[in-house]
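Notes to accompany the following structure.
The values are calculated or read from the model by the stated rules, or taken from the named source; none is laboratory data. Treat the numbers as computed from the prediction; the structure is a model and nothing was measured. Glycine also receives a Cβ, built like all others from the backbone with ideal geometry; neighbour counts cover every protein chain displayed. Side chains included, ligands, DNA and RNA excluded: accessible areas come from the protein's heavy atoms. Shrake-Rupley method; radii C 1.70, N 1.55, O 1.52, S 1.80 Å.
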Amino acid sequence: MKFFKQAVTLVLTLTLLLFCSCKKKQASEPVQNAISLEMTKSNHAWYYFSNTNYHLIDRPQNTPAQGAKPWTESIRISSANNEFCTQNSDSKAFAVVNRLGILSFNDDEISLSPDASLFTDRTAGNLVFLNNVPVFSVYKSAFFNNTILAPDYKNDGSAHLFLLQFDATAKISYPIINCNNITDKANSEVTDFYWNGLEWCCSIKTISDTKNEFSYITFKPLVPLLSLSPATADNKIEVQECDADFFRNCRVHYNYSAAPDRIKKLLSGFDEKLPFIIEVKNAGGSSPRIYENNITGSTEKELNAKAILSASWSAALFEDGTLFLEGALPGKHILRSGKPVAIRLPKLPVGFVYSDFVISGTTLYAAWEESSFYKTGRAGFLQVNLERTLYSRMI
């Protein structure tokens, strides 16, 4: 619990056992101004993913066994974010579920929109927003997936999907552009991209029976991107070649000292001696930026975290379940006069981590997964009613 030092802190616990492993540390580094809240069946719920849907479960460790697979091939929440909203507007959020579909969150309402034709055998992620429309990418990983080398697949340019948009009203995903719209190289997949709000930078992997090659391009649509489809995109996209260094610079990890002031204020109570890496997203925005808090000589494990900057609130979730929150959720008052609040989510079993999150209305959704190096086993998400567990007890 040492990373709570000097924080304005709120601790969520399931039972007193949650504190046992931290009791000795708390004695030397107390949690100041802490309010303990108990999570009950009425204010939280656990869900896990099967091959076709999500299901209620009493706790993650009781989820049916799932063989560990490389993260590119496993069913897990691979990317999530809120759409842009104001203090008095709706706060919808979305999550890309790899190999399955799109999860939509509208406060405590959850909806899954699966699509076997788009998600089966493809890696999905990189959720961004264009005019508040969710956009994400898919590709086939040739390293773990040999279906990409099938003759009928290699000869079908339309099979190399790249960028898709999600229609939140119709609950369907459909392609905007394919890989062949931005490169003349046959049998290619866009394995990663970065969008800064103006320009798209892509890493393209070209696959053959003998070797694989990488190339890099930037592109700008000459018309609104959401108006395009793979059939109409030719000659409506300006493409320029770049190199690996240019792409790496787009994906560079910045020093934490360069992080947004709102993030540094949010994490002001975090122990500065602990190394961590944090991915910062703007609600309804472009690709996230990554910041590293490197500590020379530290023997502590580097913690991973995700953060969202919304119009009226900001939040960050660390993989151990530490959630920092400040501001005002939609339709609610400002928490603790604008001071950050630290919330401890339920402790996960050994080998499990929290991986991403969104907040829709006053409902928190935190993704969890069973993780071992590059493989993922069981996965799902935690739903927490912040109205009952947080706002109803704040003073």
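Quick notes on this structure:
- Going through (1) farther than 26 Å from F129 by Cα; (2) surrounded by fewer than 24 Cβ atoms within 10 Å (Cβ to Cβ); (3) at pLDDT 95 or above one by one, K347 falls short only on (3).
- Residues (out of contact with any strand residue (DSSP E or B) (no Cβ under 9 Å at 6 or more places or on another chain) and of a type in the set (S, T, N, Q)) located in the range 269-313: T296, S298, T299
- Condition check for R262: open to solvent by 40 Å² or more (accessible area, probe 1.4 Å) and under 18 Å from C201 (Cβ atoms): no
- Of the residues making up the range 189-202, those that are more than 20 Å from the chain's Cα centre (by Cα) and crowded, with 20+ Cβ neighbours inside 10 Å number 1.
- Residue match in the range 132-144 (condition: at pLDDT below 85 and under 23 Å from D356 (Cβ atoms)): yes
- Set A305, A283: member being more than 19 Å from G361 (Cβ to Cβ), buried (at least 20 other Cβ atoms within 10 Å of the Cβ) and either of a type in the set (S, T, N, Q) or at pLDDT 95 or above (or both): A305
- Selection from the range 203-237 of residues that are of a type in the set (A, V, I, L, M), surrounded by fewer than 14 Cβ atoms within 10 Å (Cβ to Cβ) and under 26 Å from S78 (Cα atoms): L226
- Selection of the range 203-214 for residues being part of a strand (DSSP E or B) and touching a helix residue (DSSP H, G or I) at 6+ places or on another chain (Cβ under 9 Å) yields S203, I204, I207, F214.
- Checked against (1) touching a residue at least 40 places away in the same chain (Cβ under 8 Å); (2) open to solvent by less than 30 Å² (accessible area, probe 1.4 Å); (3) not hydrophobic (A, V, I, L, M, F, W, C), K375 passes all but condition (2).
- Residues of the range 163-174 that turn out to be in a strand (DSSP E or B), open to solvent by 40 Å² or more (accessible area, probe 1.4 Å) and more than 13 Å from F94 (Cβ to Cβ), as a count: 2
- Among residues of the range 245-256, those that are open to solvent by less than 80 Å² (accessible area, probe 1.4 Å), part of a helix (DSSP H, G or I) and without any contact (Cβ under 8 Å) to a residue 40 or more places away in the chain, counted: 1
- If the condition is being modelled with pLDDT under 95 and among the aliphatic types (A, V, I, L, M), then the range 178-230 contributes A186, L198, I207.
- Test for D115: is it open to solvent by 10 Å² or more (accessible area, probe 1.4 Å) and at pLDDT below 95: no
- Qualifying residue in the range 224-241 (condition: among the hydroxyl-bearing types (S, T, Y), within 21 Å of the chain's Cα centre (by Cα) and either over 26 Å from A315 (Cα atoms) or not in a loop (DSSP other than H, G, I, E, B) (or both)): no
- Entirely in the range 1-92, the strands (runs of 3 or more DSSP E) that have 1 or more residues that are more than 26 Å from G327 (Cα to Cα) and either at pLDDT below 50 or out of contact with any helix residue (DSSP H, G or I) (no Cβ under 7 Å at 6 or more places or on another chain) (or both): 44-49, 54-57, 77-82
- Evaluated against (1) open to solvent by less than 40 Å² (accessible area, probe 1.4 Å); (2) more than 23 Å from G269 (Cα to Cα); (3) within 18 Å of the chain's Cα centre (by Cα), G321 falls short on exactly one condition, (2).
- Filter result for I263 (among the β-branched types (V, I, T), under 17 Å from A307 (Cα atoms) and modelled with pLDDT of 95 or more): yes
- Residues within the range 260-287 that are out of contact with any Ser or Thr (no Cβ under 9 Å at 6 or more places or on another chain), in contact (Cβ under 8 Å) with a residue 60 or more places away in the chain and not charged (D, E, K, R), tallied: 5
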